[in-house]
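Some notes on the structure that comes next.
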Amino acid sequence: MTKLIVVCGATGALGGSTARRMLQEGWQVRAITRNKTSPAAKALAEAGADLDTASYDDTESLSAAFKGANAVFAVTNMFDNIMELGQDGAGEKEYSQMMKIAEAAGKTSTLEHLVLHTLPSGEKMAGKGFYVPHMDNKDRAADEIKKSMPELAKKTTFLWLGLFASNFYTFPMMTPIELPNSYGSYIYIQPCKPDSWMFCAGDTEKNVGTFVHAILSKPEISLPAKYAFAYSDALPFNKMLESWSEVTGKRSTFVECTQEEYGKMWGIFGVELALQFKALEAQPDWTVPYKGDVVTAKELGIKAEELVNLKDALVSFKETGKL
Ligand SMILES: NC(=O)c1ccc[n+]([C@@H]2O[C@H](COP(=O)([O-])OP(=O)(O)OC[C@H]3O[C@@H](n4cnc5c(N)ncnc54)[C@H](OP(=O)(O)O)[C@@H]3O)[C@@H](O)[C@H]2O)c1
């Protein structure tokens, strides 16, 4: 019988990748959105997904949307609420939304597998003083599911993602900026050392679906409650920038700034991102506090050539006019 996956965040990058891949794999896909008439929702319907409406702030609506699901994929985003609620408020809201998703999933009698996007905790990785709201609150939800929802935890994989290659054109803070009167020179100002080590998720529009499909195909690898770590490259920040220069043909310079300066430049978004980069600078290896519970692409049976790495992602962005 055809299996049903309910994809929350289906109109976004991660959920969209998951929905498209699972449709290709012959699954029935129920795509959740708050707006069925958006261009992204319409495109999903045209690709074969059934559209349904639910909100992360309403457990009842999630329960109704999850009815009959064999699998649920979900991704939340505190950056959507950071301007209105501040870092702590938006972090708290993201945690509460994740717990509502978990509550609804826990009540879904047909559920075999929940794949929930989380990130490692800055404090667990780098110690006290490295609290990063958009990372720590996601990890707090994972811990709470393990502690208070053991039956759901048995069916849950937490999906971590490295930096998106698409940040180079979607995320202003991570897009190189042309220096006026420099005849085509670009600067990349970041609040960390140029040789800070980063995990990159490559082309998330493609790679996330590859990971979710592998997770669902081999549930025994990442259940119960393991952290599937999705990345295509591990490289220093300045090497990421070098790839951007090679692909675009534009000169670039990495400029290190302080956390305070980054906050001054980019406001609350900069303050939040600087916390992440400082934590990753202090402990670049995400797996250290989670040893034994982290599952890699290799363990999931994903071959390197199945993932679109940073350089190839940048080439395709260039070819499609995004860079
Ligand atoms: N950028 C990076 O390098 C990076 C790296 C690692 C992790 N991340 C994480 O990736 C996540 C963002 O993923 P994304 O890029 O796929 O997000 P996105 O493209 O902004 O999509 C967000 C999705 O969530 C849905 N959504 C938002 N609020 C909702 C609500 N209250 N109820 C129901 N649905 C809601 C939206 O659906 P509708 O609007 O259609 O309702 C949309 O489909 C964040 O958690 C971020 O921390 C980012």
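In table form, for the structure just shown:
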item: Neighbours by Cβ (under 7 Å, 6+ apart or cross-chain): first from region 218-238, of a type in the set (Asp, Glu); second part of a loop (DSSP other than H, G, I, E, B) and surrounded by 18 or more Cβ atoms within 10 Å (Cβ to Cβ); result: Asp233/Asn309
item: Elements of type strands (runs of 3 or more DSSP E) in region 9-109, at least 2 residues being in contact (Cβ under 8 Å) with a residue 60 or more places away in the chain and within 12 Å of the ligand (Cβ to nearest atom); result: 71-74
item: Region 272-293: number of residues that are buried (at least 19 other Cβ atoms within 10 Å of the Cβ), farther than 19 Å from Leu235 by Cα and either out of contact with any Pro (no Cβ under 9 Å at 6 or more places or on another chain) or of a type in the set (Ser, Thr, Tyr) (or both); result: 1
item: Answer residue from region 163-193, given it is surrounded by fewer than 16 Cβ atoms within 10 Å (Cβ to Cβ), in a loop (DSSP other than H, G, I, E, B) and over 21 Å from the mean Cα position of the chain (by Cα) and is nearest to the ligand (Cβ to nearest atom) among those; result: Lys193
item: Options Ser222, Ser148; residue that is more than 14 Å from the ligand (Cβ to nearest atom), polar (S, T, N, Q) and under 20 Å from the mean Cα position of the chain (by Cα); result: Ser222
item: Counted residues, region 233-264 - those being assigned to a helix (DSSP H, G or I) and either in contact with a Ser or Thr (Cβ under 7 Å, 6 or more places away or on another chain) or within 11 Å of Pro191 (Cα to Cα) (or both); result: 9
item: Complete set of residues in region 197-219 that are more than 13 Å from the ligand (Cβ to nearest atom) and small (Gly, Ala, Ser); result: Ala214, Ser217
item: Unmet requirement for Ser109, which otherwise passes all of (1) touching a helix residue (DSSP H, G or I) at 6+ places or on another chain (Cβ under 9 Å); (2) under 21 Å from Cys8 (Cα atoms); result: (1)
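Every number here is computed from the coordinates shown, using simple stated rules; none is lab data. Keep in mind the model is a prediction, meaning the values are calculated, not measured. Positions of Cβ are generated from backbone atoms using ideal geometry, with glycine treated the same way; all protein chains shown enter the neighbour counts.
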